[in-house]
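Every number here is computed from the coordinates shown, using simple stated rules; none is lab data. Worth saying up front: this structure is predicted, and the values here are computed from it rather than measured. All Cβ positions, glycine included, derive from the backbone under ideal geometry; neighbour counts span all protein chains shown.
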């Protein structure tokens, strides 16, 4: 009987969440998957008789759509530069906060969390000013050291980097908290033992801190990657994907091309391209993690 | 040795201080701007301190908004989201501390829900709610956002910090599974629960899209929707927008300040064997 | 095996119980009504306008019909409408932005009002601006009744334009370009005009003024019209000759106030905003109808009121729209929120006629053109914006870019 209880226990724990997810997340995803093979638009939404199955036409069209190809390229650019920066920044902040005195740490936890809870309009206004070519603070500071003004948001190559900088600033808070919690979970005895062995700070970081919190690092990397692959809000408020489509991410493309114009079939197809990329990247990480655990 | 540590500390403090100042600037600007006139908010270069200090934005905010109902609805959503948090925590614990058939595929299923933009599933989700007769109900507003894969995943990862031996010992003592969860796991998970509570609160407090889409009646609107309506009527009034944003962020700050201290409280394993 | 099944079953039961528990705790929202359950004396109205609830109290008293108002933020009304279309659960009366008429009408969202118009004198098309009525017509159907209108004209600094020799504002586009060139020559960071590059209607206005008329039968070939090409060239000239700033620059009111951008094109709401935000400019600015080329046509926008296709209180809804279309109601609405009446009779009222700036808007409304009422318009407009960006920002060749635009337009139009 006890054995039986223990067998069903995990199902009891996960069932409520799984059932709600099946109904309100998985089922809609399946429906959307079906939609991606149709030409559904507003007409089809109003009367399902108007929906035609068109096979892989949407997908074929997507890969001929220069804007979509550009969006894929931009998204990878964001991810490759942004994710390491975002993870590293939040880790360093968390590490620094664990070194300073308690009350100072309390204050700075709040301070570094602030970007996550700053209103998006305020972000757009303040960062819009910082990046303003003629009157912005950044260019003013550059002029003090005789550097020419930079077109932060108007130059296709620089605009992407400017948005990455903004996004790293904005996303540091949450990951920082997770790293902080993970740092606290490392038993003090590990460090005491290392002290006895005469390890220096760097050695302790590499040999104790990093391995002991790999469970949290893994979480932060996986979720940050998923988040950055769905990069949306920053280009949406700052550049609307411009100039010349250079900051359009896949998620922004899906929103603009698919849903602003009610081309649900096309938008759903684009979403599934993104979906598949995210799955591949995530599964790869889980595989790597597993082989790491074994070794 | 000691002196070196002192230097390190000074460097870290200075770096934190400078970094913190830059990082917090937009937030501080948002708060200060709520006391500025509309015009001043958009000035380039911006002013930090208000030139003409005014409470008018807050007065407009409180006079024009139907706060009572919106606040109640928002708090109801917060309440249910905390119930959702419990379900998330249970699921995270289930995935993290048990070995059972179907664990991997089910967990992948959970993660899949994080991987698709919300726009894509909005209409299908609405149609499901409609089929279930849940449109224009609080239940319909709460359900789509109740379970969060992010939270489940987070809990699952942090479960690895709790030694399996503790659970085995409790089971040998004859403790039931739910007793173990509520009396052993939850108290041990305080740091990560504190983070979860903060994140869940923020999400629920800012609820916007589902209340708007599911409600066919303004009596189900939330504070965020009220603010959006107010901003609609005052599109160019940035002072008012900042006042609204400031008003919305105060409870978040309070919750954050209360709960953030648990994040670093640490895992007090020895305290459990009382 | 059996045990596993039992495990699943109990897990499902358990979570079902939890969900039910959650549901039964709150029924506060359940008494709300949707259109299918509303009685004869109730209509539900979706609007994006503020204070609408208070405004309709008078109608409720007069007619005995109860009006349930749901206000929806502009930014989200599209999503809300989509779910209503998908589920068939909409309100009775619905505010329609002019740009969505075609898209939603094609999907059968609105009741055809053609046969009802004769029964309600206020709904007569002759009561409204022609271009506004035009934008309520889709495939021979009348999908809504004009409620308020919106147009664009020129805002300018009288003092600075006087220095350039145009104290009354530029009459023609030649005057305009002359003035803008002089004002730009004042020095660095001085411009003639501010052009909102994200506004898709503005290039169309330039084209209309040069005689462009969109003919649905011609499709993408419309954009070969020399008038359209000239409009694009003019749009590019603003930026090429530095008459307008290409980058973000100063905030508009600030630039208008310090004189660095002494002209811009905008709508009626701007009057109030300028008065409250830059009061020190009082007496130094004015509005002027659009500069003239072949004509001085501006766009017409605004909102209509329509009835949702499956409303079960059509009569009550019609009564309500009839009341909203009444000149007296429209004047009150103008006084309430400064949105311009669609009903031309309302414009004879001193409240509007004696206000010189508002009267100028009235004058402009006489020469307006509606964007083509086709579902694909929004996409075409966005594509045009992209093309202009390539020309203005990217320095692309105008003719080549326009050829690309035409082939893209052909695809969008399904040719």
Just need the Rg to Rh number for chain C, please, alpha carbons only, Kirkwood Rh.
-> 1.06
Contact order normalised by residue count of chain C, Cα under 8 Å, 6+ apart, percent = 25
For segment B:50-107, projected area of the alpha-carbon convex hull averaged over all directions, nm² | 7.7
Expected sort for B:179, A:11, A:190, A:135 with the fewest Cβ neighbours (10 Å cutoff) up front is B:179, A:190, A:135, A:11
Could you let me know the centre-to-centre spacing of segment A:61-114 and segment C:234-250, using Cα atoms, in angstrom?
-> 35
Selected from C:275, C:295, C:66 as most flexible by GNM, with chain C as the system and alpha-carbon contacts under 10 Å | C:275
Enter the angle in degrees (range 0 to 90, nearest 10) between the Cα long axis of helix C:173-184 and the first principal axis of the Cα atoms of chain C, meaning the one along which they spread out most.
-> 80
Give me the percent of Cα-Cα pairs in segment A:127-240 that sit more than 23 Å apart, rounded to a whole number.
-> 52
For chain A, set up a Gaussian network in which alpha carbons nearer than 10 Å are linked by springs, and say which option among A:233, A:192, A:134 fluctuates the most.
-> A:192
Using a basic spin-label model with each label point 7 Å from the Cα along Cα→Cβ, how many nm lie between residue C:126 and residue C:60?
-> 3.6
So for the protein assembly as shown: antiparallel DSSP bridges make up what percent, rounded to the nearest 5?
-> 70
Per Stokes-Einstein, at 25 °C and 0.890 mPa s, what whole-number D in µm² s⁻¹ belongs to segment B:65-233, with the Kirkwood radius over Cα pairs as the hydrodynamic radius?
-> 138
Kirkwood hydrodynamic radius (C-alpha pairs) into Stokes-Einstein, segment A:66-294, 10 °C and 1.306 mPa s, D in µm²/s | 80
In nm, to one decimal, how far is the residue C:295 label point from the residue A:137 one, both placed 7 Å along Cα→Cβ?
-> 5.1
Simple spin-label estimate for residue C:355 and residue A:199 in nanometres, 7 Å along Cα-Cβ | 7.4
Take the Cα coordinates of segment A:44-185, assign each an equal point scatterer, and use the Debye formula without solvent to give log10 I(q)/I(0) at q = 0.09 Å⁻¹.
-> -0.47
Rounded to the nearest 0.05, FRET efficiency between residue B:10 and residue C:363 (Cβ-Cβ, R0 45 Å) equals 0.05
Debye-sum result for the protein assembly as shown in log10 I(q)/I(0), which assumes one identical scatterer on each alpha carbon, at q = 0.08, 0.11 Å⁻¹ = -0.86, -1.60
In degrees between 0 and 90, to the nearest 10, how far off the longest principal axis of chain B does helix B:149-158 point, with axes built from Cα atoms?
-> 50
How large, in Å, is segment A:55-105 by the Kirkwood hydrodynamic radius built from its alpha-carbon pairs?
-> 14.2
When every alpha-carbon pair in segment C:226-325 is counted, what percent end up more than 19 Å apart?
-> 65
What FRET efficiency, computed as 1/(1 + (r/R0)^6) with R0 = 30 Å and r the Cβ-Cβ distance, is obtained for residue B:168 and residue B:86, rounded to the nearest 0.05?
-> 0.80
Could you give the distance between the Cα centres of segment C:161-206 and segment B:116-180, to the whole Å?
-> 59
Using bins 5 angstrom wide from zero, how does P(r) for segment C:303-363 break down, in % of all Cα pairs?
-> 4, 18, 25, 19, 12, 10, 6, 4, 1
For the residues A:75, C:109, B:14, what sequence is obtained by ranking on other C-beta atoms within 10 Å, fewest first?
-> B:14, A:75, C:109
Taking 0.36 nm per intervening residue step and subtracting the Cα-Cα distance, what contour gain separates residue C:215 from residue C:174 on full extension?
-> 12.0 nm
18 Å reach of a label modelled at residue B:52, 7 Å along Cα-to-Cβ, counting backbone N of segment C:276-293 | C:276-284
In Å, what is the Rg of the alpha-carbon atoms in segment B:1-160, and how long is Dmax?
-> 23.9, 70
Here the FRET efficiency for residue A:60 versus residue B:75, based on Cβ atoms and R0 = 56 Å and rounded to 0.05, is 0.65
If you rank A:79, C:101 by fewest surrounding Cβ atoms within 10 Å, what's the result?
-> A:79, C:101
Over all alpha-carbon pairs in segment A:81-140, figure out the percentage whose distance exceeds 18 Å.
-> 56
Given the options B:100, B:181, B:153, state which has the largest fluctuation in a GNM of chain B using a 10 Å cut-off (strictly under) for Cα springs.
-> B:100
For chain C, the longest principal axis of the Cα atoms and the Cα long axis of helix C:226-240 enclose an angle in degrees, to the nearest 10, of 80
